[in-house]
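Notes to accompany the following structure.
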Amino acid sequence: MTNLDGTDARMLMLLAENPRSTGVELAQRLGLSRNTVQARLAKWETAGVLGSFDRRVEPRALGYPLAAYVATIVDQHRLDAVVDALAEIPEVIEVTGMTGATDLTVKVVARDADDLYKIAGQILRIPGVERTNMGLVMRELVGPRMTPLLARLAEESR
């Protein structure tokens, strides 16, 4: 992964504001050459700076209005197999390894309460999953975001 600078941060904030911005438009707004903008975009692509496009799709739009976090305790000898099995469940949209009492935090989406019950059962049936504890997301209060960090970097580099 490459470290971003203030120009990168300003460019990413413009893209966050309007993801369809062209290289020419970005260059004009930032006072850069089109080649500089294209080179930075190419560098980000190669370095894996930008996440996949599907992260922008809201599960609600796909018919999954419910979300829950499943705290999962796992037999450590089976951790890799558990993660692989979780990745096979389409409604599992994120798995994070944790320190502390929980081994994995699994974010799932569901169509309704019955669907959520079925997904919880799928997770519990995975060999190596010892215990789970689910918390239903009532409302997302602060969603995933990078703009405040980009703004800080852009400001610090001026």
Q. So what is the 222 nm mean residue ellipticity for the chain from helices alone, if each DSSP H run of at least 4 adds -39500 (n - 2.57) and you divide by all residues, rounding to the nearest 500 deg cm²/dmol?
A. -12500 deg cm²/dmol
Q) Roughly to the nearest percent, how much of the accessible area of the chain is carbon and sulfur, given a 1.4 Å probe? A) 52
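Per residue, what accessible area does the range 73-148 have, given a 1.4 Å probe and all protein chains present, in Å²? Spell out each step's value before the answer.
On the way: 5260 Å² over 76 residues.
With all protein chains present, the range 73-148 gives 69 Å² per residue.
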(Q) Counting C-alpha atoms alone, how compact is the range 14-58: give Rg to one decimal and Dmax as a whole number, in angstrom. (A) 11.4, 34
Q | Radius 12 Å from Cβ of Leu86, net charge of other residues (Lys, Arg +1; Asp, Glu -1) | A | -3
Q) Any idea what angle helix 6-17 forms with the longest principal axis of the chain, computed on alpha-carbon atoms, 0 to 90 degrees, nearest 10? A) 70
Q) Can you give the angle from 0 to 90° between the axis of helix 113-124 and the longest principal axis of the chain, with both taken from C-alpha atoms, to the nearest 10? A) 80
(Q) Output wanted: per-residue J couplings in Hz (rounded whole) for the range 81-88, from phi through Karplus 6.51 cos²θ - 1.76 cosθ + 1.60, θ = phi - 60°, x for Gly and Pro. (A) 5, 5, 4, 4, 5, 4, 5, 7
Q. Roughly what angle does helix 34-47 make with the longest principal axis of the chain, taking Cα atoms, 0 to 90 degrees, to the nearest 10?
A. 20
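Among the GluC sites (Glu not before Pro) within the range 38-122, which fall in a DSSP loop and have no more than 11 other Cβ atoms within 10 Å of their own Cβ?
On the way: sites: Glu45, Glu88, Glu91, Glu94; in loops: Glu88, Glu91.
Qualifying residues, ordered by number: Glu88.
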Q: In a Gaussian network model over the chain where Cα atoms closer than 10 Å are linked, find which of Gly48, Gly121, Gly100 has the largest mean-square fluctuation.
A: Gly100
Q: Please provide three numbers in whole Å: the alpha-carbon extents of the chain along the principal axes, with the largest listed first.
A: 56, 34, 25
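Which trypsin sites (Lys or Arg not before Pro) does the range 91-132 hold that lie in a coil by DSSP with at most 16 other beta carbons within 10 Å?
Arg111, Arg125
The values are calculated or read from the model by the stated rules, or taken from the named source; none is laboratory data. Predicted model, so just to flag it, every value in this text is computed and none were measured. Reconstructed Cβ throughout: ideal geometry from the backbone, glycine too, with neighbour counts over all protein chains shown. Calculation scope for accessible area: heavy atoms of the full protein, side chains included, ligands and nucleic acids excluded. Shrake-Rupley method; radii C 1.70, N 1.55, O 1.52, S 1.80 Å.
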